[in-house]
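Report on the following structure.
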Amino acid sequence: MAYQITIGSTGESFEANHGETILEAGENAGLDFPYGCRRGMCGTCVARVVRGIVKMPGEDLFGLMDDERERGYILMCSTYAASDLELDDIGAAP
Ligand code: FES
């Protein structure tokens, strides 16, 4: 099942298929998202979830602090869509 992901500030949208991280799905759609390590360590691929549900497995994602998670920030390289999503603040420091 694919979920629709929309970037609120630009209106761009793309689909994320099962098993694709949000970063991979965006790249496969031709979007130029920021990234570094691709392993949840550097924080470069940060984004904020405005609406929707995500699955971010792993408690030891050093690129994101607990309070940043609580404010809706995710690491796109390590996060999967679990519903249609609206994201914003791509690559912005939380
Ligand atoms: S690319 Fe480094 S945390 Fe996602």
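The values are calculated or read from the model by the stated rules, or taken from the named source; none is laboratory data. All of these numbers come straight from a predicted model, not from anything done at the bench. Please note: Cβ atoms are built from the backbone with ideal geometry, for glycine as well, and neighbour counts cover all protein chains shown. Just so you know, the surface numbers come from the protein's heavy atoms only, side chains and all, with ligands and any DNA or RNA stripped out. Shrake-Rupley method; radii C 1.70, N 1.55, O 1.52, S 1.80 Å.
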Q. Which residues, taken from region 43-55, are assigned to a loop (DSSP other than H, G, I, E, B), among the β-branched types (Val, Ile, Thr) and open to solvent by less than 80 Å² (accessible area, probe 1.4 Å)?
A. 44
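Yes or no: residue 69 basic (Lys, Arg), out of contact with any Leu (no Cβ under 7 Å at 6 or more places or on another chain) and open to solvent by less than 70 Å² (accessible area, probe 1.4 Å)?
Spelling it out, residue 69 is indeed basic (Lys, Arg), out of contact with any Leu (no Cβ under 7 Å at 6 or more places or on another chain) and open to solvent by less than 70 Å² (accessible area, probe 1.4 Å).
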**Q.** Of all residues making up region 42-82, the number that are within 12 Å of the ligand (Cβ to nearest atom), more than 22 Å from residue 10 (Cβ to Cβ) and touching a Ser or Thr at 6+ places or on another chain (Cβ under 9 Å)
**A.** 6
(Q) I'd like the full set of residues that are part of a loop (DSSP other than H, G, I, E, B), within 13 Å of residue 89 (Cα to Cα) and open to solvent by less than 70 Å² (accessible area, probe 1.4 Å), limited to region 6-42. (A) 8, 11, 33, 34
Q: Select from region 70-80 the residues that are assigned to a helix (DSSP H, G or I) and under 9 Å from the mean Cα position of the chain (by Cα) and write down the one among them that is nearest to residue 6 (Cα to Cα).
A: 76
Q) Pick from 67, 60: which is acidic (Asp, Glu), at pLDDT below 95 and in a loop (DSSP other than H, G, I, E, B)? A) 60
Q.
Restricting to region 19-49, count the residues that are in contact with a Cys (Cβ under 6 Å, 6 or more places away or on another chain) and of a type in the set (Gly, Ala, Ser).
A. 1
